[in-house]
Amino acid sequence: MAVEVVDYIVIGGGIAGASVAYELSSKGKVAILEMESAPGYHSTGRSAAVMSENYGPALWSRLVTASRGFYENPPAGFTDVPLVSPRGALFLAREGEQELLSRQADELVRRGATIDVTSAEGALRFCPVVKSSEFVSALYEPDCMDIDTNALLMGYLKAVRARGGKLVANARAETFERRGDTWVVCTRNGTFEAPVVVNAAGGWVQEMSSLAGLSYRNVVPFRRTAVVFDPPDGSDISSWPMTFDVAETFYFKPEAGKIMVSPVDMALCEPCDAQADELEVAIAIDRIHRFTTMNIRSVKHKWGGLRTFAPDHEPVIGPDPEEPSFIWLAGQGGNGVMGGAAAARLAAAFASNEPIPADISALGITAESVSPGRGCVVDASGRKPVVGTLEAFG
Ligand SMILES: Cc1cc2nc3c(=O)[nH]c(=O)nc-3n(C[C@H](O)[C@H](O)[C@H](O)COP(=O)(O)OP(=O)(O)OC[C@H]3O[C@@H](n4cnc5c(N)ncnc54)[C@H](O)[C@@H]3O)c2cc1C
């Protein structure tokens, strides 16, 4: 089979691969290699699809800030529907958790958010199914938005095609060979050659770098479970916020006319087609029964999804220290959709040897702070708590 020569090979057709391909397609010819038959099959199609600048690790929240403009005002022709819409977030504290809630409130104010601190009964104004007897206080934050992930992914891919790039499905990158100044990547659906490879393979990024002969960087996937059920008969759920307990044991939110709940599990796992964990499904149902007045009669849908983290939970974006033509776009954790637009611009700048975009560097993001070589390879669990932020988010 003939070798197809392009300027950039992007591994992975999730939101990371599609968005960086979009950015790179104005600079050269791009091929996105996706191992599945359709894009977005793994994490991107399994997220809670919310955006907020107010939670998550510090650098990710800055990338969300730098992404917001794109989502609110996408380029002409990018999409026929709004990419973001208001959702709001509600945090609930039990007896003994007021201190946690007040720290969360301080952190939100520090990040510039508007907040409304209220009693457990006051929380019913925002979400009428909260079992207020279980909680003592609450905090509402209006800035949290829903993102239309599918419209975003399709918008990126449509624009890539319009600019002469392409997505090659059923094309698992199986071997990487560095020949002189180029990479040769073999798949069952063709062989591709380019001077630069972007590693946007989600839960598989570590596997890709190993195939390319590069050192281990401990950017690994953790499984999270989600369960979907019918809302109470006759209720209008459209304005309900994403509702969390501040101790981070569950969240639930409206999702296409139904309710999605997650027990915010985080289980280290191999990269795979993640499935819902049955114990976590039972825990999710129990949390809804204990902390809301809703009754789950049947589970309509459930899934598992991978969230991939570096040990410090911050972005892994930039050239591999051992091979500058191998660019990482990884470690998105629960932020890959909401921070994806700016993360893609950053990765594209590294891939094309351009300076970090001015708006991103103005937020204090440097090449060192997000480098895959920043030396955060720590214990095998890959976990490190991020103090003062809501890690359950996403
Ligand atoms: C339950 C849950 C809730 C979440 N909620 C949110 C949220 O509210 N907001 C938010 O911003 N984020 C959220 N996230 C996180 C978000 O989904 C991810 O950060 C994001 O989707 C990561 O995108 P990605 O493109 O890196 O990964 P993926 O979508 O997994 O894409 C990687 C792609 O690489 C492909 N691939 C792998 N290996 C190869 C290979 N060898 N060759 C070719 N292709 C390959 C895979 O098939 C896959 O399609 C959530 C995640 C989960 C699981």
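Which angle between 0 and 90 degrees, to the nearest 10, do you get for helix 340-351 versus the longest principal axis of the chain when only C-alpha atoms count?
Computed tilt is about 20 degrees.
Give the long-range amide H neighbours of GLU4: residues separated by 5 or more places, or on another chain, with amide H under 5 Å away, using H modelled in the peptide plane at 1.01 Å from N.
THR191, PHE192, GLU193
Using modelled backbone amide H atoms (1.01 Å from N, in-plane), which distant-in-sequence or interchain residues come within less than 5 Å of GLN332's amide H?
Amide H to amide H, under 5 Å and 5 or more residues apart or across chains, GLN332 pairs with THR308.
Just tell me which lysines come within less than 18 Å, Cα to Cα, of LYS29; anything on the same chain fewer than 8 places away is out.
Of all the lysines, those that pass the test against LYS29 - Cα under 18 Å, at least 8 places apart if same chain - are LYS158, LYS166.
Using alpha-carbon positions, what is the distance between the centroids of segment 228-260 and segment 307-333, in Å?
If we compute the Cα centre of each part, the gap is 33 Å.
Return the sequence-ordered ³J(HN,Hα) values of segment 220-235 in whole Hz as given by the Karplus equation 6.51 cos²θ - 1.76 cosθ + 1.60 applied to θ = phi - 60°, using x for Gly and Pro.
Computed from phi, the couplings for segment 220-235 are 10, x, 10, 8, 10, 9, 9, 10, 10, 9, 6, x, x, 3, x, 8 Hz.
Please give the helix 149-162 orientation as an angle from the longest Cα principal axis of the chain, in degrees from 0 to 90, rounded to the nearest 10.
Between helix and principal axis, roughly 20 degrees.
Starting from the Cα coordinates of segment 1-159, work out the convex hull volume and express it per residue in Å³. Walk me through the intermediate numbers first.
On the way: hull volume 23.9 nm³, N = 159.
With only Cα atoms used, segment 1-159 gives 150 Å³ per residue.
Please order ILE9, ILE237 by the number of other Cβ within 10 Å, starting at the fewest.
Working: ILE9 26, ILE237 16.
With the sparsest Cβ surroundings first, the list reads ILE237, ILE9.
Take CYS269, CYS144 and order them by how many other Cβ atoms sit within 10 Å, fewest up front. Intermediate results must be reported in sequence, preceding the final value.
Numbers: CYS269 15, CYS144 23.
Placing the least packed residue first, the sequence is CYS269, CYS144.
For n ≥ 4 DSSP H runs only, could you compute -39500 (n - 2.57) per run for the chain, divide by its residues and tell me the 222 nm figure to the nearest 500?
So the calculated ellipticity at 222 nm is -7000 deg cm²/dmol.
For the chain, with only Lys/Arg (+1) and Asp/Glu (-1) charged at the beta-carbon, what is the dipole magnitude about the Cα centre, in debye rounded to 20?
Numbers: 35 positive and 48 negative charges, 119 e Å.
Once rounded to the nearest 20, the dipole reads 560 debye.
Would you grab the residues whose amide H sits under 5 Å from the one on VAL10? Only those 5+ places off in sequence or on another chain, please, with H modelled 1.01 Å from N.
Counting only residues 5 or more places away or on other chains, the set is ALA31, ILE32, LEU33, VAL198.
Quick check: the angle from helix 278-291's long axis to the longest principal axis of the chain, C-alpha only, nearest 10 degrees?
Helix 278-291 sits at roughly 40 degrees to that axis.
At q = 0.19 Å⁻¹, what is the base-10 log of I(q)/I(0) for segment 189-251 according to the Debye formula with one equal point scatterer per Cα and no solvent? Please give it to two decimals.
So the normalised log intensities work out to -0.88.
Out of segment 169-262, which trypsin sites (Lys or Arg not before Pro) are coil in DSSP terms and have no more than 12 other C-beta atoms within 10 Å?
Passing sites in segment 169-262 are ARG188.
Quick note: the coordinates plus some simple rules give every number you see, no bench work behind them. Note that the structure is a prediction, hence the values are computed from the model and not measured. Please note: Cβ atoms are built from the backbone with ideal geometry, for glycine as well, and neighbour counts cover all protein chains shown.
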